[in-house]
Amino acid sequence: MEISFAGRRALVTGAGKGIGRATVLALVRCGAKVTAVTRTQADLDSLTLECPSITPVCVDLEDWEATAVALRDVGPVDLLVNNAACAMLQPFLEVTPEQFDKSFSVNVKAVFHVSQVVARGMKARGTGGSIVNISSQASQCALRDHAVYCATKGALDMLTKVMALELGPHQIRVNSVNPTVVMTEMGRLGWSDPDKAKTMTSRIPLGRFAEVEDVVNSILFLLSDKSNMTNGVTLAVDGGFLAC
Ligand code: NAP
């Protein structure tokens, strides 16, 4: 299946590393003009070297005011990928208010904010658009030490559905991609230990973690016209984990 984003403008958050960075590169390969948003300047510098056509935006998405300023001049966006997130693992009884607030601030509140900014523009232009929120299998399955992370991703799945409901009449589709473990910096945090990894892969019918490319391909599909009638879904990229 050929996917082209020629003439389309995309914005990807959390573009410095992992899935976000690979999504930027894939979108550029498919012809999109991409704004890459993240908070570490060194990541944007190396991404710009690798891919000079991107527009880099350095901002901490936790900061609502700074984000509003940073996004003011990015221009029209047709395709949005809300990918930035943080994962801090603690036993339920040890979670602190700070960890709770930071996680919801990045994983949910920032998605709200960036989506509002972008969707207002899409609605005003009347040209529609596609938004993909990067959720997780953790939104629908309890994982030890993941209480806050699971809660943020559960909230994100519901946000995806309400956005799909309210933005659909403006021809703005909103879907989520829900991966299993991917061995990015975030994935390594919780799953580097081979014994622990085995407790997860043994529950995945395909018997392995997802590759970054597996996730990126699903993101591209949901952004593209190939999924024109798909709106409000949570697309598992989990080798069957959530089916069991
Ligand atoms: P990653 O390697 O940790 O990359 C996350 C990116 O988001 C980094 O560039 C990070 O920048 C950026 N970011 C984090 N907080 C930010 C903030 N406040 N403002 C701006 N940028 C911020 O993570 P990943 O594995 O690629 O994860 C991408 C998405 O997939 C996330 O939504 C994650 O929840 C989801 N996911 C991941 C896995 C997995 O196993 N990896 C599984 C399921 C779902 P800094 O490095 O500068 O903080």
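In this structure, does V117 turn out to be part of a helix (DSSP H, G or I), modelled with pLDDT of 95 or more, surrounded by 15 or more Cβ atoms within 10 Å (Cβ to Cβ) and in contact with a Phe, Trp or Tyr (Cβ under 6 Å, 6 or more places away or on another chain)?
Numbers: part of a helix (DSSP H, G or I): yes; modelled with pLDDT of 95 or more: yes; surrounded by 15 or more Cβ atoms within 10 Å (Cβ to Cβ): yes; in contact with a Phe, Trp or Tyr (Cβ under 6 Å, 6 or more places away or on another chain): no.
When the stated conditions are applied, V117 does not pass them.
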Heads up, the strands (runs of 3 or more DSSP E) in segment 1-91 (entirely inside) with at least 1 residues that are under 15 Å from the mean Cα position of the chain (by Cα), buried (at least 19 other Cβ atoms within 10 Å of the Cβ) and of a type in the set (S, T, Y) are 9-13, 33-38
Selected residue (only one of G207, G232 is farther than 15 Å from I131 by Cβ, outside any helix (DSSP H, G or I) and either more than 14 Å from the ligand (Cβ to nearest atom) or without any contact (Cβ under 8 Å) to a residue 40 or more places away in the chain (or both)):
G207
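Determine whether A32 is within 16 Å of the ligand (Cβ to nearest atom) and among the small types (G, A, S). Give the derivation first.
Numbers: within 16 Å of the ligand (Cβ to nearest atom): no; among the small types (G, A, S): yes.
Judged against the criteria, A32 is not a match.
If I filter segment 149-173 down to residues being away from the ligand (no atom under 15 Å from the Cβ) and buried (at least 20 other Cβ atoms within 10 Å of the Cβ), which single residue comes out as nearest to F100 (Cα to Cα)?
Here is the first cut: in segment 149-173, the ones away from the ligand (no atom under 15 Å from the Cβ) are 158, 161-173.
Within this subset, residues satisfying the condition of being buried (at least 20 other Cβ atoms within 10 Å of the Cβ) are 163, 167, 172-173.
Numbers: M163: 23, L167: 29, I172: 31, R173: 29 Å.
If we take residues in segment 149-173 being away from the ligand (no atom under 15 Å from the Cβ) and buried (at least 20 other Cβ atoms within 10 Å of the Cβ), then M163 is nearest to F100 (Cα to Cα).
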Sole residue being more than 11 Å from the ligand (Cβ to nearest atom) and either assigned to a helix (DSSP H, G or I) or surrounded by fewer than 15 Cβ atoms within 10 Å (Cβ to Cβ) (or both), chosen from K123, K109, K102
K123
Residue in segment 165-180 that is closer than 27 Å to V69 by Cβ and acidic (D, E) present
yes
Have a look at S115, S105, S53 and point out the one that is over 27 Å from A147 (Cα atoms) and of a type in the set (S, T, Y).
S53
Of the residues that make up segment 132-148, is at least one hydrophobic (A, V, I, L, M, F, W, C), without any contact (Cβ under 8 Å) to a residue 60 or more places away in the chain and within 14 Å of the ligand (Cβ to nearest atom)?
yes
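The values are calculated or read from the model by the stated rules, or taken from the named source; none is laboratory data. Please read these numbers as outputs of a predicted model, since none were measured by experiment. No Cβ is skipped: glycine too gets one built from the backbone with ideal geometry, and neighbour counts run over all protein chains shown.
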